[in-house]
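These notes are about the structure you will find just below.
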Amino acid sequence: MLTSDVKRHWEKIYSTKTPQQLSWYSPRLNTSLSLIERAAAGRSAAIIDVGAGASTLVDDLLERGFQSVTVLDVSEIAIEVTRKRLKELAEQIHWMIADVTSANFTAGTFNIWHDRAVFHFLTTAEQRRSYVRAVGHAVRHGGHVIVGTFGPEGPTKCSGLDVMRYDAESLHDEFGVNFRLVESIKESHQTPFGTTQQFLYCYCRIE
C-alpha cells in the first residue's frame, strides 16, 4: 500500500471505532511496560512508540516519570484521540503524524524504539527494509528495540488487511546481526471481544 492508502485506511478505522472496539486494545500494555523499564537507563531515556494509535502506553510512561516520549502514528485522528485523553499532559509529548517507513527521523534520536502491532502489517520486503533502515537511523548505538507482532499462531488478517506472523527467529532475521536479540516473549492477548491473539515480542540491542 502507498503511504496515502495506508493513511486513508487507518483514518477510516479510527473515525468509525473507539479504541475499545479494536482487537489489539488493552487497558495496559504490561509486557511493553516491563521491557521498556528494563531497557531504560533512567527516566530521561528518549522513547518512541511507533504506530501508537490510541494506545494507553504513553499515559503509563508519563505516570512512571519518563520525560522524553515521542508518539508516532499515520492516523491524525488516533493522535487527536490520545491528545484529548491526556489533556494538559499532551504538552509533554512530541507528536509525529507519519508513515514509519517514510518518516523523516533525525539520526540517533532515541534510546528505545517500541512498536506493538505495526511491523506485522508490512507485507512486502521493501516495506520491511525501509522500516529496519529507519530503526537503525533513528536509534542510538547501544539503544534498544522492542517489536511486538502476531506470533506463529496469531491471526492472518487484522482490520481488513493481510498480516505477517513471526516466531522469534524469523522476526529477528528481518533486522539482522546488528540487532542483538536479548529476549523474546510470547503473549496471549485477550481482545475486547473475548477472543485470544498470540503476540510475539523481540527485545534487541543495537550493536
Enumeration of residues in segment 77-98 that are surrounded by fewer than 20 Cβ atoms within 10 Å (Cβ to Cβ), in contact (Cβ under 8 Å) with a residue 24 or more places away in the chain and not in a strand (DSSP E or B):
I77, V81, R85, L86, L89, Q92, A98
Kindly indicate whether any position in segment 82-94 is hydroxyl-bearing (S, T, Y), more than 17 Å from the chain's Cα centre (by Cα) and at negative phi.
no
Need the failing condition index for L61 against (1) at pLDDT 95 or above; (2) assigned to a loop (DSSP other than H, G, I, E, B); (3) of a type outside the set (D, E, K, R); (4) under 25 Å from Q190 (Cβ atoms), just the number.
(2)
Residues F193, F179: which one is modelled with pLDDT of 95 or more and of a type in the set (A, V, I, L, M, F, W, C)?
F179
Cross-chain or 6+ apart pairs with Cβ under 6 Å, segment 109-135 first and on the phi > 0 side of the Ramachandran plot, then among the aromatic types (F, W, Y) and outside any helix (DSSP H, G or I):
A117/W24
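If you go through segment 146-160 one residue at a time, do you hit one that is of a type in the set (S, T, Y), in contact (Cβ under 8 Å) with a residue 24 or more places away in the chain, out of contact with any His (no Cβ under 6 Å at 6 or more places or on another chain) and at positive phi? Walk me through it before giving the result.
So the first thing to find is which residues in segment 146-160 are of a type in the set (S, T, Y), and the list is 149, 156, 159.
From what's left, in contact (Cβ under 8 Å) with a residue 24 or more places away in the chain: 149, 159.
If we keep only those that are out of contact with any His (no Cβ under 6 Å at 6 or more places or on another chain) as well, we get 159.
In the following step, the residues that additionally are at positive phi were identified as 159.
Scanning segment 146-160, I find at least one residue that is of a type in the set (S, T, Y), in contact (Cβ under 8 Å) with a residue 24 or more places away in the chain, out of contact with any His (no Cβ under 6 Å at 6 or more places or on another chain) and at positive phi, so the answer is yes.
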Any idea which residue in segment 25-43 is farthest from S68 (Cα to Cα), counting only those that are in contact with a strand residue (DSSP E or B) (Cβ under 6 Å, 6 or more places away or on another chain) and of a type outside the set (A, V, I, L, M, F, W, C)?
T31
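Per-residue answers, yes or no, for (1) modelled with pLDDT of 95 or more; (2) within 21 Å of F105 (Cα to Cα); (3) aliphatic (A, V, I, L, M):
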| residue | (1), (2), (3) |
| --- | --- |
| S130 | yes, yes, no |
| G136 | yes, yes, no |
| I146 | yes, yes, yes |
| F150 | yes, no, no |
| Y166 | yes, no, no |
| L171 | yes, no, yes |
| F175 | yes, yes, no |
Residues in segment 52-75: is at least one surrounded by fewer than 19 Cβ atoms within 10 Å (Cβ to Cβ), of a type in the set (A, V, I, L, M), within 15 Å of the chain's Cα centre (by Cα) and more than 22 Å from P155 (Cα to Cα)?
no
For segment 167-183, pairs from a residue that is small (G, A, S) to a residue that is in a helix (DSSP H, G or I) and surrounded by 14 or more Cβ atoms within 10 Å (Cβ to Cβ), with Cβ under 9 Å and 6 or more apart or across chains, are G176/V132; G176/G136
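The values are calculated or read from the model by the stated rules, or taken from the named source; none is laboratory data. Values in this document were obtained by computation on a predicted structure and should not be read as measured data. Neighbour counts run over all protein chains shown; Cβ positions are idealised from the backbone, glycine included.
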